[in-house]
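Novice: What follows is a single structure, and I will ask about it in a moment.
The values are calculated or read from the model by the stated rules, or taken from the named source; none is laboratory data. Bear in mind that the values here come from a model prediction, so they are computed numbers and not experimental data. Quick reminder, even Gly has a Cβ in these numbers, built from the backbone with ideal geometry, and neighbours come from all protein chains shown. Each accessible area value is taken on the protein alone, full model and side chains, heavy atoms only, with ligands, DNA and RNA left out. Shrake-Rupley method; radii C 1.70, N 1.55, O 1.52, S 1.80 Å.
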Amino acid sequence: MGLFKKKQSRKPREPKKPAAEEAAGVADEVFTEQYREELRAMGREHFKKILSDSSSDLKRDVDVILEQLTGTLRRHMASQLDLAITRVNNDISNQLKEQMIEYNRVSSEAQELVIQSLSRNAQVVHEKYQQMSSNLQQVVANQEVMMVGVFQDNQSRVAAVQSEQDKALEQLKSSIAEAKRQSDEAVQQLKHNAEEQSRMLNEIYQQTSGSASQMKQSQAEAIESLQKTVSSLQEQHGRLQQMIDESITKQKTMATELINEHMARIIEHYLIGALGERSDLTKDLPNILEKMQEHKQAMMDDMTL
Amino acid sequence: MSQNDTPYILPPSLATQRDLRRLINEVEHIDNALVSSGIQQRTGHQSDDGIVMSNQLGDFMAANKLEFGDSHSRTELIASLRRLKDTAPVVHVTFAASAGHEELAKLVDWVRQSVHPQAVLAIGLQPELIGGAYIRTTNHVFDLSVRAELAGGRHIIVEELEALSGAA
């Protein structure tokens, strides 16, 4: 009876709905408008977050790429600049080398010339020195020969007057002494002269060497002035050439202009001379009337004034 | 309307100023002849010659429907023609070759239809024009000659020469 009571206390069963309808009803009860709105808000927030994260990532990537590009560009520009500087340096060094080679060549040529001139001068001086020394030797030899002759003369006198007395001997001795003294003086004089001449020769040599250095300097100056003259001549030549070219061009232009200006008149005169008497008014009249038609209004205005 | 104010119709045969002067002379001659003939008739003499009109006068009289009436009308006609000769606009036309009657008639017909009905021509000859015409009105000049066209085309020669020199 208790079971039956329990059964009786139950509410009357409602008819069973299908499962889909039931699920739909549950869904409707759960997914109300407010809930949906909240879901939408959550979705929007989530998408905003995703978008902001994506944009920040993108921005970061773009910054990184820009930095890389900037670095690459800088490196490329630096390499290009280095290449250009290297090229310019090479050009300048090549030009300097060429200039130095030229300078060395010119200076070596100038030095050779100076050396040649110095050697010629030295040779001349040496020849003069030799000549003077040979002259001096000859003079000394002559003096010696003379002195020997004098001495021999004195000896012969002594031998000739040996028989004479002591006075003659003393006189002879004194004359010998005197001659000796004179010879000594002459030798000294000769030595002095030789020294003097050697000193003079040294002075001459020094002067010559000094003049050689002066000559070298003057030759360098002469070479420099010649180079300047050559460069100025070359410049003048270039200017003259330019002037000649310009005058030729101008004359050509003038001739062309004259021809252009007068050719039309020449042809016109030719046509007038050739066709001047061949005009046929019968054939020309329609053309004339046609042209007059174009100026008809101007003629009418002129006639009515 | 009196004959003084009548704008006369000039026939194509009356093209130039010279034609107009000739016309006036002819009318005067006829007037004199008619007056002499009248006097002779009154005095019992017969006149010797009849009136002979030129084609130009005949065309003019026919175009304007005129007759040689009494002396007064003839006098007025002569006066009108003289006034016309003094006031008619003149178009000076110079050709490269001599103009025949037909050409002049066509030209003056065009001028009278297009420009002024009583215009007359003054014809000149200048072979240097080569062709065409050189027209001069009171205040204007119209150079329609071949010479002017050649002068206007000079730049073509200059351009051709420049092109040749550039190509060279």
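Novice: Compute the angle between helix A:33-160 and the longest alpha-carbon principal axis of chain A, please, reported from 0 to 90 degrees and rounded to the nearest 10.
Specialist: Between helix and principal axis, roughly 10 degrees.
Novice: Relative to the longest principal axis of chain B, what angle (0 to 90°, nearest 10) does the C-alpha long axis of helix B:101-114 take?
Specialist: Once rounded, the angle reads 90 degrees.
Novice: May I ask for the net charge around residue A:43, where only other residues with Cβ less than 12 Å from the Cβ of residue A:43 are counted and Lys, Arg are +1 while Asp, Glu are -1? Mind dumping the intermediate values first?
Specialist: Details: positive: A:36, A:40, A:44, A:48, A:49; negative: A:37, A:38, A:45.
Neighbour charge sum, excluding residue A:43 itself: +2.
Novice: Using +1 on the beta carbon of Lys and Arg, -1 on that of Asp and Glu, and nothing else charged, what's the dipole of the protein assembly as shown about the Cα centre, debye to 20? Could you put the intermediate results ahead of the total?
Specialist: Details: 53 positive and 68 negative charges, 641 e Å.
It works out to roughly 3080 debye.
Novice: Express the Stokes-Einstein translational diffusion coefficient of chain B in µm² s⁻¹, to the nearest whole number, given a Kirkwood radius over alpha-carbon pairs, 4 °C and a viscosity of 1.567 mPa s. Write down the numbers at each step before the final one.
Specialist: On the way: Rh = 19.1 Å.
Calculated translational D: 68 µm²/s.
Novice: Also: Taking a threshold of 26 Å on the Cα-Cα distance, which of the pairs B:85/B:106; A:291/B:65; A:296/B:85; A:291/B:85 fall above it?
Specialist: Details: B:85/B:106 21 Å; A:291/B:65 34 Å; A:296/B:85 23 Å; A:291/B:85 28 Å.
With Cα atoms farther than 26 Å apart: A:291/B:65; A:291/B:85.
Novice: Over the protein assembly as shown, with the other protein chains present, what is the accessible area per residue in square angstrom, probe 1.4 angstrom? Kindly include the intermediate steps, with their values, before the conclusion.
Specialist: Numbers: 35130 Å² over 473 residues.
On a per-residue basis, the protein assembly as shown sits at 74 Å².
Novice: Tell me the volume per residue, in Å³, of the convex hull enclosing the alpha carbons of the protein assembly as shown.
Specialist: In the protein assembly as shown, the Cα hull volume divided by residue count equals 787 Å³.
Novice: Accessible area of residue A:53, 1.4 Å probe, to the nearest 10 Å²?
Specialist: In the full protein context, residue A:53 sits at about 80 Å².
Novice: Here's a follow-up. Of all the accessible heavy-atom surface of region B:90-152, with the other protein chains kept in place and a 1.4 Å probe, what percent is carbon and sulfur?
Specialist: Within region B:90-152, the accessible surface is 50 percent carbon and sulfur.
Novice: Ignoring ligands, DNA and RNA and using a 1.4 Å probe, state the total buried accessible area between A and B in Å², rounded to the nearest 100. Walk me through the numbers on the way to the answer.
Specialist: Working: alone 27240 and 11000 Å², together 35130 Å².
Summing both sides, the interface buries roughly 3100 Å².
Novice: What is chain A's relative contact order, in percent, from Cα pairs under 8 angstrom and six or more apart in sequence?
Specialist: Numbers: 27 pairs, mean separation 54.9, N = 305.
Averaging sequence separation for qualifying contacts and normalising by length gives 18 percent for chain A.
Novice: Here is a further query. Return one number: the angle in degrees, 0 to 90 and rounded to the nearest 10, between the long axis of the Cα atoms of helix A:19-30 and the longest principal axis of the Cα atoms of chain A.
Specialist: Around 60 degrees separate the two axes.
Novice: Go through B:165, A:117 and list them by solvent-accessible area, largest first, probe radius 1.4 Å.
Specialist: On the way: B:165 65, A:117 10 Å².
Largest accessible area first, the list is B:165, A:117.
Novice: Suppose a student asked you for the relative contact order of region B:90-152, using Cα pairs under 8 Å spaced at least 6 residues apart; what percent would you report?
Specialist: Details: 94 pairs, mean separation 26.3, N = 63.
Once normalised by length, the contact order is 42 percent.
Novice: What order do B:149, B:102 take when sorted by accessible area (1.4 Å probe), most exposed first?
Specialist: Numbers: B:149 105, B:102 130 Å².
So the residues, ranked largest to smallest area, are B:102, B:149.
Novice: Let's see if you can work this out: charge +1 on each Lys and Arg Cβ, -1 on each Asp and Glu Cβ, no other charges. What is the dipole magnitude of region B:3-87 about its Cα centre, in debye to the nearest 20?
Specialist: Numbers: 9 positive and 12 negative charges, 43 e Å.
In debye, rounded to 20, region B:3-87 gives about 200.
Novice: State log₁₀ I(q)/I(0) for region B:90-152 at q = 0.13, 0.16 Å⁻¹ as given by the Debye formula over alpha-carbon point scatterers of equal weight, solvent excluded.
Specialist: -0.34, -0.51
Novice: Hey, another quick one. With n ≥ 4 as the cut-off for DSSP H runs, can you work out [θ] at 222 nm for the protein assembly as shown, using -39500 (n - 2.57) per run divided by the number of residues, rounded to the nearest 500? Walk me through the numbers on the way to the answer.
Specialist: Details: 12 runs with 368 residues, N = 473.
Only helices count here, giving -28000 deg cm²/dmol.
Novice: Taking every residue in B:99-112, how many Cβ atoms of other protein chains lie within 10 Å of its Cβ, on average? Walk me through the numbers before you get to the answer.
Specialist: Values: counts 3, 3, 0, 3, 5, 2, 0, 5, 5, 0, 1, 6, 5, 0.
Taking the mean over all residues of the peptide, I get 3.
Novice: Considering only protein heavy atoms, what is the solvent-accessible area of residue B:84 at a probe of 1.4 Å, reported in Å² to the nearest 10?
Specialist: Its accessible surface works out to 10 Å², give or take rounding.
Novice: Based on C-alpha coordinates, I'd like the Rg and Dmax of region B:3-87, in Å.
Specialist: According to the Cα coordinates of region B:3-87, Rg and Dmax are 13.5, 42 Å.
Novice: Could you give the length gained by full extension between residue A:93 and residue A:44, i.e. 0.36 nm per residue of separation minus their alpha carbon distance, to one decimal place?
Specialist: Details: separation 49, 0.36 × 49 = 17.64 nm, distance 7.14 nm.
Fully extending the segment from residue A:93 to residue A:44 adds 10.5 nm.
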